[in-house]
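The values are calculated or read from the model by the stated rules, or taken from the named source; none is laboratory data. As the structure is a prediction and not an experimental result, all values here were calculated from the model. Every residue, glycine as well, gets a Cβ built from its backbone with ideal geometry; the counts of neighbours run over all protein chains shown.
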Amino acid sequence: MFFRRASEDRAFREAQRAGYELLLQLQATHPWPDFPEQAVPAPAAEEAVAPDLLPPDLRVPSRQEVAGLMMRWQQPLVIDGEVRTCPGCGAYRDWIVFCMRDDFVWLRCRAGHETKEPRLDAAWYNRISGPVDRFHPTLEEGLRHLGH
């Protein structure tokens, strides 16, 4: 049975090749009436190659061009099994979490107290944060955007 199937496959492939060769012969002798042949223009010698970069107004700043990233964290922040509270006012929710260029994470409470959190790092921030939706020229504008 295996040999019969191989011979059937071989016959099918030969029929495909014969049909394809016939199609090529027909196209060479009788061009399609609805599709006149179009001459392919030769590329100009001085034609400038367009760069594959986005225009400046569509580019996103690189990580080195921004001072840091920030996100809002409304629920209590639990680190290593304990709820993180603000050392200045005792607040335990509604944080702004900053990830600065030096890969440190800073927390800012609603009252404006800022503290460094050594148990969190840039890897944690990147896992938890969503996509960047906006860039702000100043810290104040970013805080205003996040509701602080």
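Key figures
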item: Pair list, Cβ under 7 Å, 6 or more apart: region 86-105 residue touching a residue at least 40 places away in the same chain (Cβ under 8 Å), other residue surrounded by 12 or more Cβ atoms within 10 Å (Cβ to Cβ) and not in a loop (DSSP other than H, G, I, E, B); result: ILE96/MET70; ILE96/ARG72; ILE96/ARG108; ILE96/LEU143
item: When residues of region 27-53 are limited to those that are modelled with pLDDT of 75 or more and surrounded by fewer than 10 Cβ atoms within 10 Å (Cβ to Cβ), the one nearest to the chain's Cα centre (by Cα); result: ALA28
item: Residues satisfying the stated conditions in region 65-85, i.e. in contact (Cβ under 8 Å) with a residue 12 or more places away in the chain and within 27 Å of the chain's Cα centre (by Cα); result: VAL66, ALA67, GLY68, LEU69, MET70, MET71, ARG72, TRP73, GLN74
item: Flag for GLU65 being at pLDDT below 90 and of a type in the set (Asp, Glu); result: yes
item: In region 84-108, residue surrounded by the most Cβ atoms within 10 Å (Cβ to Cβ) [restricted to those that are over 25 Å from PRO131 (Cβ atoms) and in contact with a strand residue (DSSP E or B) (Cβ under 9 Å, 6 or more places away or on another chain)]; result: CYS86
item: Subset tally (residues that are modelled with pLDDT under 90 and not in a loop (DSSP other than H, G, I, E, B)) for region 100-120; result: 2
item: Contacts under 7 angstrom Cβ, first residue in region 133-147 being within 16 Å of LEU58 (Cα to Cα) and outside the structural domain of LEU107 (by TED's automatic domain parsing), partner surrounded by 12 or more Cβ atoms within 10 Å (Cβ to Cβ) and at pLDDT 85 or above, 6 or more apart; result: none
